[in-house]
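Comments concern the structure below.
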Amino acid sequence: MAVGPAVANALQRDDMTQSQISPANPANDHILRMARAVREACVRAAVDGYERGGLSGLCAEGRFEMAVDSVRALDIDGIVRGMHAELRTQGAPVRP
């Protein structure tokens with residue numbers, strides 16, 4: 001699913017801000033990567049929910065509620081497990 005230009009710009013702007021204010025720390029890099037993965041999944045779920053609400057003919061408030069419900073329905077454990085597996089394959093030190 002593609003995100004709109006406003007969402008893409010917001011994500012890019014946020015990544016730039018975080019890299020400017022957070023000094024590189026290899027020991028905590030995996031925590032930051034995991035947090036970014038969860039954040040991106042939340043944004044994508046919200047955008048998807050909002051768009052699905054629009055296709056269903058919901059008003060703006062209904063679309064917003066559908067976006068929030070989409071974020072609440074995310075499988076956070078699955079995202080974290082996936083990131084752990086990815087980090088392990090890259091040799092990163094992660095706790096089980």
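Please report the carbon-and-sulfur percent of the accessible area for region 27-96; probe 1.4 Å, protein heavy atoms only, DNA, RNA and ligands left out.
Using a 1.4 Å probe with all protein chains present, region 27-96 comes out at 57 percent carbon and sulfur.
Convert each backbone phi in region 33-50 into a coupling constant with the Karplus relation 6.51 cos²θ - 1.76 cosθ + 1.60 (shift: θ = phi - 60°), then list the ³J(HN,Hα) values in order as whole Hz, x for Gly and Pro.
Each residue of region 33-50 in turn: 5, 5, 4, 5, 5, 5, 4, 5, 5, 5, 5, 5, 5, 5, 4, 4, x, 5 Hz.
The values are calculated or read from the model by the stated rules, or taken from the named source; none is laboratory data. As the structure is a prediction and not an experimental result, all values here were calculated from the model. The protein model used for the area step is the full one, side chains on, heavy atoms only, and it has no ligands, DNA or RNA in it. Shrake-Rupley method; radii C 1.70, N 1.55, O 1.52, S 1.80 Å.
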